[in-house]
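Bear in mind that the values in this text are calculations on the coordinates, not laboratory data. Fair warning: this is a prediction, and the values are worked out from it, not measured in the lab. Positions of Cβ are backbone-derived with ideal geometry, glycine not excepted, and every protein chain shown enters the neighbour counts.
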Amino acid sequence: MEYTTKFKYDDEIVRKFTLATLVWGFVAFLVGIYVALELASHQFNLSLPYFSFGRLRPLHTNAAIFAFAGNGIFAGIYYSLQRVLKTRLFSDKISNFHFWGWQLIIVSAALTLPFGLTQGKEYAELIWPIDIAIAVVWLAFGYNMIRTILIRRVEHIYVAVWFYIATFVTVALLHVFNSLAVPFSLIGSYPIYAGVSDALVQWWYGHNAVAFFLTTPFLGLMYYFIPKAVNRPVYSYRLSVVHFWTLVFIYIWAGPHHLLNSAVPDWAQNLGVAFSVMLWIPSWGGMINGLLTIRGAWDKLRTDPVVKFLALAATFYGMATFEGPLLSLKSVSELGHYTDWIIAHVHSGALGWNGFLTFGMIYYLVPKLWKTELYSKDLANIHFWTGTLGILIYVISMYVSGFTQGLMWREVTDSGRLAYPDFVQTVVRIIPLYWIRTLGGVVYLGGFIVMLYNVRMTILKAPKGSLEDPSDEYTPYQIAKNTHTESLTTSFSHRVLERMPLVLTVLVLVGVGFGSLVSLAPMFLSASVVDSNYGGSKVRGYSALELAGRDIYVREGCYTCHSQMIRKTVGDVLRYGPASRIEDSLYDRPFQWGSKRIGPDLAREGTKYPNLWHYRHMKNPQEVLTGSIMPSYGWLYKTKIDYESLPRKLGIMQMLNVPYSDAEVEQALNNAKDDAKQIADGLRAEGENVKDDQEILALIAYLQALGQTVGGAK
Amino acid sequence: MIRETLMHLHWSVLPVFSMLVFFTVFIGVIFWVNRSGSKEIYQKLNAVVLEEGGSHER
């Protein structure tokens with residue numbers, strides 16, 4: 001039997017996502033340059049809360065990951081999904097709900113983050129109502145995709161779609177479990193996890209957000225767009241199957257490599273290291289498969305900008321996935337962690353792999369979606385070389401900065417003392433590199449602006465009414481006996497394991513679920529993790545005022561510059577004191593270990609300086625510390641402490657097993673006021689003009705509590 | 001009892017256990033993609049991405 005079917009792809013939704021990718025890409029890169037400027041010169045913080053680095057940095061990362069890359073992923077998935085399955089998307093309404101819902105989420109993020117509305121967890125900063133919206137929209141996307149697969153006109157599910165399924169399943173799992181929190185208001189919440197558990201769950205999420213939001217969907221796109229661009233089949237379909245299953249199985253375990261030499265138990269760290277090293281196998285298998293697909297068409301590297309972008313993207317994927325496992329070795333992590341080396345690593349992946357693959361895809365898509373030719377290949381080539389140059393300037397400066405920081409932090413003199421005991425000495429040294437990094441970002445953005453112009457002109461060049469041309473409206477597809485799809489029906493095992501979306505979904509869920517369960521469950525089950533005798537007494541919860549201060553610390557994004565984890569390394573212990581232990585952050589919701597030290601570690605900051613020092617330092621850091629690049633937090637001297645919410649906050653903490661007595665919860669408001677007055681009295685005695693309800697007092701109380709909650713001290 | 005056992009388990013065995021599980025999966029996948037008759041299937045499938053039929057396709 002043989003028949004021809006005609007149908008129409010929904011390209012309108014692809015056009016929408018493509019344009020959104022371009023708009024948000026511009027925003028993400030622009031904010032990135034601005035936060036880079038803020039590090040090069042603290043003056044760019046403008047002494048305004050909405051422009052401070054701690055608040056804008058999450059805006060940059062969220063815009064780059066979820067707005068730019070996210071919209072790019074959806075554009076590519078919706079375009080390729082329909083074509084490899086030979087069907088239209090299941091529901092136009094759901095597609096549009098997905099599009100507008102996602103844009104609304106992005107706008108909500110852009111409106112809330114500068115106002116300090118954050119959960120204080122990296123790459124998961126958005127407040128709980130937005131988290132719920134993300135879950136709903138994500139499920140709509142997944143439902144639409146799965147239903148589309150179920151109504152496909154071909155029997156086989158191409159491997160790119162496997163990667164899309166893994167993306168949907170795993171991101172849903174990660175997002176839901178990492179976002180579990182108890183709200184204390186319409187905009188605020190505390191995570192159900194605390195301290196080391198929160199750290200493990202957060203980096204299980206954080207690492208796999210990279211894996212399943214910035215890697216697997218892009219690999220799916222790679223397996224579609226590289227063959228299309230060079231008009232050649234995938235180098236090895238077998239290798240792509242091995243690539244898929246090994247990647248899905250391994251990636252989920254590697255999260256703890258973000259917590260090496262920390263207070264996390266050694267077995268968890270070793271688990272992360274082992275699986276990170278194994279990631280070399282599938283990652284390089286995939287990269288080789290992508291690049292070798294271009295075999296026989298290498299000449300297109302000279303002539304076709306699409307192929308240039310895609311080939312370099314795959315190359316950056318190989319470089320980033322070589323470097324990732326390297327950085328997960330404990331000794332390398334000791335040097336690289338908390339430094340700009342990580343920033344270089346992240347940006348070679350984001351700008352090179354995600355950025356260039358998205359650009360290549362858009363150069364491929366736009367002429368097809370608007371049924372015209374690309375306006376200018378020359379401009380696309382200029383974009384390619386400008387973007388490449390921008391990445392190189394960026395990452396090289398950050399590599400040098402990272403190595404400099406790492407080496408200076410741990411260098412000791414012949415007498416065994418730190419060669420650079422003042423942290424600010426290491427900051428001053430790298431400022432020129434921050435300027436060079438900014439230049440790299442500007443060059444990269446310059447190339448992107450060329451692309452915007454080129455895309456705009458391409459769209460304008462499209463013949464009027466071409467999108468409504470009835471002759472091109474329907475795609476004929478012939479379904480017949482003896483085609484490749486029919487010949488496969490004899491293989492039962494193939495049919496079950498490689499053609500059924502629900503089976504694939506379940507298998508992916510089993511793979512990532514097993515890894516998640518084994519690597520996380522022990523933290524919640526083990527009796528030996530917490531030493532209740534450490535410090536001679538049980539760990540206390542933060543006082544009401546300290547908790548108010550902690551919430552301000554989280555709101556201002558202090559964790560973007562300061563860690564709270566003294567690693568078990570010589571350099572850290574010499575500089576900051578005894579290595580941090582699990583008990584030190586036992587009741588920290590959210591944990592604030594951080595991932596970058598633009599300023600010093602604060603884990604044992606309490607009692608290190610008097611209150612007056614903090615009071616003056618937060619108002620004008622440069623007056624207290626020459627060479628500091630920390631911005632002024634002048635608004636904390638005007639805004640008032642939110643005393644009223646404290647009983648409710650302490651009540652929730654008590655519910656989450658923080659050992660508060662009922663009296664402490666009931667008296668939270670009065671206790672906080674008393675503590676604030678005590679600090680204010682001290683400052684007034686030193687000649688400062690202080691009111692009892694200034695937020696700075698709560699922050700000082702919190703900073704003085706750091707490292708002081710163990711051992712019975714208050 | 002299960003909870004008690006888990007609470008006092010020596011978790012340092014996990015990396016070795018997990019790696020064994022992974023290599024089992026890895027070797028299993030290698031065998032799977034090289035199963036009898038798979039060559040013909042995959043040879044045909046690796047070109048599926050190029051078959052689209054739209055008049056505006058490359």
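Observations, loosely collected:
- If you take all other residues with their beta carbon under 13 Å from the beta carbon of A:Val573, and give Lys and Arg +1 and Asp and Glu -1, the sum is +4.
- Here the Karplus curve 6.51 cos²θ - 1.76 cosθ + 1.60, taken at θ = phi - 60°, turns the phi angles of the range A:291-308 into couplings of 5, 6, 5, 7, 3, x, 9, 4, 4, 5, 4, 8, 10, 10, x, 4, 5, 4 Hz, with x standing for Gly and Pro.
- For A:305-313, mean number of other protein chain Cβ atoms within 10 Å: 0
- The range A:391-475: trypsin sites (Lys or Arg not before Pro) in DSSP loop, at most 10 other beta carbons within 10 Å: A:Arg417, A:Lys464
- Mean partner shielding of peptide B:17-23, defined as the number of other chain Cβ atoms within 10 Å of each residue Cβ, is 5.
- Taking the range A:519-659 and dividing mean pair separation by its residue count, relative contact order in percent (alpha carbons under 8 Å, at least six apart): 23
- Chain A: angle of helix A:237-251 to the longest principal axis, Cα-based, in degrees nearest 10: 20
- Gap separating the Cα centres of the range A:328-345 and the range A:560-606, nearest whole Å: 16
- Exposure proxy ranking, count of Cβ atoms within 10 Å, fewest first, for A:Phe356, A:Phe177: A:Phe177, A:Phe356
- Check: the protein assembly as shown dipole with +1 on Lys, Arg Cβ and -1 on Asp, Glu Cβ, in debye: 1700
- Of A:Lys608/A:Lys673; A:Lys93/A:Lys368; A:Lys6/B:Lys39, pairs whose Cα-Cα distance is over 29 Å: A:Lys6/B:Lys39
- Counting other Cβ atoms within 10 Å as a rough exposure proxy, the listed residues A:Phe53, B:Phe26, A:Phe7 run A:Phe7, B:Phe26, A:Phe53 from fewest neighbours to most.
- For chain A, the relative contact order is 17 percent, taking Cα pairs closer than 8 Å that sit 6 or more residues apart in sequence and dividing their mean separation by the residue count.
- Rh by Kirkwood over Cα pairs, then Stokes-Einstein D for chain A at 1.306 mPa s and 10 °C, µm²/s: 59
- Inverse mean reciprocal Cα-Cα distance (Kirkwood Rh) of the range A:1-155, Å: 17.0
- Options A:Gly406, A:Ile130, A:Leu439, ranked by Cα towards positive dipole end of the protein assembly as shown, top entry (Cβ charges): A:Leu439
- Principal-axis tilt of helix A:377-410 within chain A, Cα atoms, nearest 10 degrees: 30
- Residues with amide H under 5 Å from that of A:Val182, placed H, sequence gap 5 or more: A:Tyr190, A:Ile192
- Shielding value for A:243-255 is 2, the average number of Cβ atoms from other chains within 10 Å of each residue's Cβ.
- Between helix A:11-40 and chain A: long-axis angle, C-alpha atoms, 0 to 90°, nearest 10: 30
- Normalised radius of gyration (Cα atoms, divided by 2.2 N^0.38 Å) for the range A:46-100: 1.69.
- Nearest-0.05 FRET efficiency for A:Ser41 and B:Phe31, computed from C-beta distance (R0 56 Å): 0.40
- FRET efficiency for A:Asp414 and A:Val573, using Cβ-Cβ distance with R0 set to 30 Å, rounded to 0.05: 0.95
- With each label modelled as a point 7 angstrom along the Cα→C-beta vector, the A:Ile396-A:Met655 pair spans 5.6 nm.
- A:Asp551, A:Asp378, A:Asp10 arranged by Cβ crowding within 10 Å, fewest neighbours leading: A:Asp378, A:Asp10, A:Asp551
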